[in-house]
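The values are calculated or read from the model by the stated rules, or taken from the named source; none is laboratory data. This one's a predicted model, so the numbers in the text were calculated from it and none came from an experiment. So basically every Cβ, Gly included, is an ideal-geometry build from the backbone, and we count neighbours across all protein chains shown. For the accessible areas, the whole protein counts, side chains as well, though only heavy atoms, and no ligand, DNA or RNA atoms are used. Shrake-Rupley method; radii C 1.70, N 1.55, O 1.52, S 1.80 Å.
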Amino acid sequence: MPGFLLHANATVLCAHGGQVQATMPSPRVRVAGQPIVTMASPHMVAGCPFNVGGSPAPCVTAQWVTGATRVRSLGVPVLLQDSQAVCAPNGTPVSIVVTQVRVRGV
C-alpha cells in the first residue's frame, strides 16, 4: 500500500508514549531536507514509562517488520507511513504520528 516515506525526524511513538528515533538514517536520500529511514536502521526508544507491577519494563528498541515493497535505498526497503514495528523487550507496536507529506512510496 502506498504511503509517505519516513524521514529521520518523523514523530514515532511506542504504545506507551516513548519517543522512537532512528539512530542511523540512510545518508543517500533526503526528503524535506531530512535523510530517509530504512528497515535496517536501528531505532531506540526514549522516555517509555511502561512498568509491570511497579517494576520498570520500558521499551528500549524498535524492530521494523514491514517496509516498502518497491522503493529501496542502498538495497534496503525504505520505511513508509504505514510500516509496522515491534518494540523490545515487551512486543508492543509503534505509531507513526507525523512525517513529511511530499514523497510517497509503495
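Reported count of residues in segment 20-34, each being closer than 21 Å to GLN63 by Cβ, touching a strand residue (DSSP E or B) at 6+ places or on another chain (Cβ under 6 Å) and of a type in the set (A, V, I, L, M, F, W, C), is 2. Considering each residue of segment 24-39 in turn, none proves to be within 16 Å of ASN90 (Cβ to Cβ), in contact (Cβ under 8 Å) with a residue 24 or more places away in the chain and either among the small types (Gly, Ala, Ser) or not in a strand (DSSP E or B) (or both). Set side by side, the residues PRO89, PRO56, PRO77 differ, and just one is open to solvent by 20 Å² or more (accessible area, probe 1.4 Å) and either in contact (Cβ under 8 Å) with a residue 40 or more places away in the chain or closer than 15 Å to SER41 by Cβ (or both), which is PRO77.
Can you name every residue in segment 10-23 that is surrounded by fewer than 17 Cβ atoms within 10 Å (Cβ to Cβ) and either part of a loop (DSSP other than H, G, I, E, B) or out of contact with any Leu (no Cβ under 9 Å at 6 or more places or on another chain) (or both)?
Hits for segment 10-23 are THR11, ALA15, GLY17, THR23.
If the condition is being part of a strand (DSSP E or B) and either at pLDDT 95 or above or of a type in the set (Ser, Thr, Tyr) (or both), then segment 40-55 contributes HIS43, MET44, VAL45, ALA46, SER55.
Every condition in (1) modelled with pLDDT of 95 or more; (2) open to solvent by 60 Å² or more (accessible area, probe 1.4 Å); (3) closer than 14 Å to LEU5 by Cα; (4) among the aliphatic types (A, V, I, L, M) is met by ALA32 except one, and the failing one is (1).
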